[in-house]
1. What number of residues within the stretch 59-83 satisfy the criterion of being touching a strand residue (DSSP E or B) at 6+ places or on another chain (Cβ under 6 Å) and in a loop (DSSP other than H, G, I, E, B)?
2. Out of everything in the stretch 236-291 that is modelled with pLDDT of 75 or more, in a loop (DSSP other than H, G, I, E, B) and among the hydrophobic types (A, V, I, L, M, F, W, C), what residue ends up being farthest from ALA211 (Cα to Cα)?
3. Select the strands (runs of 3 or more DSSP E) contained entirely in the stretch 97-215, then report the ones holding at least 2 residues which are of a type in the set (Phe, Trp, Tyr), farther than 22 Å from ASN85 by Cα and in contact with a helix residue (DSSP H, G or I) (Cβ under 9 Å, 6 or more places away or on another chain).
4. Anything in the stretch 37-58 that is part of a helix (DSSP H, G or I), over 17 Å from the mean Cα position of the chain (by Cα) and not polar (S, T, N, Q)? List them, or say none.
5. What pairs come out if I take residues in the stretch 182-200 that are within 19 Å of VAL144 (Cβ to Cβ) and pair them with residues that are part of a helix (DSSP H, G or I) and among the charged types (D, E, K, R) whose C-beta lies under 7 Å away, six or more apart or interchain?
Amino acid sequence: MIPPDPTAGTPEPPRAWAAALMGDWSIEATLPKADDLAALRSSLPPGRRVYLSALPHVPPRRLADHAMRVAEAGFEPVPHLAVRNFRSRGEAAEFLGDVRERARVRRVLVVAGDRERSEGPFGDSLQLIVSGLLREAGMEAIDVAGYPDGHPKISANALMEALRAKIAAARRAELDVGVVTQFGFDAAAMLRWLGQLRGEFPQLPVRMGLAGPAGAKTLFKYALRCGVRTSIRGLTRGLHLLADNATPAKLVRTLAEGRDADDGAPLALHFYSFGGIGRTAQWARDLAGGEIELG
């Protein structure tokens, strides 16, 4: 008698694991306009997280306005709190109170920001986390940045030490804490970084950053600007490249195959919308729905 095939009738593992990664995917946006929000409503389930970038030249009040519009569109806005942009403790407190009251924000992504020098009292994200401002403003959770591909100005050991300190400080402040990573193209580097992190923080929620569909030239431009250590060979290995389109489908498959699907730790994908918010959201929706070939 031929024994039954235990895999018969079950999804192909890579696709099933990729679907698990996509179960709670999120998206990054920069000052989304009305048509961007309309595109998101056609692609994102209600309540999905939309992270909002903080730019050095954009006043905090304007970022709060966009957070409010994202909330009104039915999503959860998670504004970046770029601490070097704030000229005073009071200005930071005012921004936090503003987004809490007007956009019902309970979670922020705390980062140093793109300024070389701080405008005020906060030189890095840890200084704001330990300040007490977040709990005073009613925040319940924060995300901090992770760098699987490294940082052009900071060593890997220093990055990990800083991450440990921020996680510990957030927990002391009774804030739920997770990690959102910089985008990258090297799945092996991402998985190594994730394995190291899981060794110290087994159940820490992680959102692994990927560049959404965009032109290859656009991706190279942002990779250079953000200090992602990648090469043409590394980029093409991780992405499906066409003349005017690059998608991370192969990268998603490699991450799905390489992660430990049985550890139960929260892991999701986070998409940077360099090729446009609507285009990225639709592509991610189709990927989550199994409509895109993983390669």
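The values are calculated or read from the model by the stated rules, or taken from the named source; none is laboratory data. Only a predicted model underlies this, so the values are computations on that prediction, with no experimental measurement involved. Neighbour counts are summed over all protein chains in view; Cβ atoms, including those assigned to glycine, are modelled from backbone coordinates with ideal geometry.
1. Of the residues in that region, 1 qualify.
2. ALA265
3. Because the criterion is at least 2 residues that are of a type in the set (Phe, Trp, Tyr), farther than 22 Å from ASN85 by Cα and in contact with a helix residue (DSSP H, G or I) (Cβ under 9 Å, 6 or more places away or on another chain), no strands (runs of 3 or more DSSP E) in the stretch 97-215 meet it.
4. Of everything in the stretch 37-58, those that are part of a helix (DSSP H, G or I), over 17 Å from the mean Cα position of the chain (by Cα) and not polar (S, T, N, Q) turn out to be LEU37, ALA38, ALA39, ARG41.
5. So the pair list comes out empty.
Let's see how each residue does on (1) surrounded by fewer than 23 Cβ atoms within 10 Å (Cβ to Cβ); (2) among the aliphatic types (A, V, I, L, M); (3) free of Cβ contacts under 8 Å to residues at least 60 places away in the same chain:
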position	(1), (2), (3)
LEU63	no, yes, yes
GLY74	yes, no, yes
ASP124	yes, no, yes
LEU134	no, yes, yes
PRO152	yes, no, no
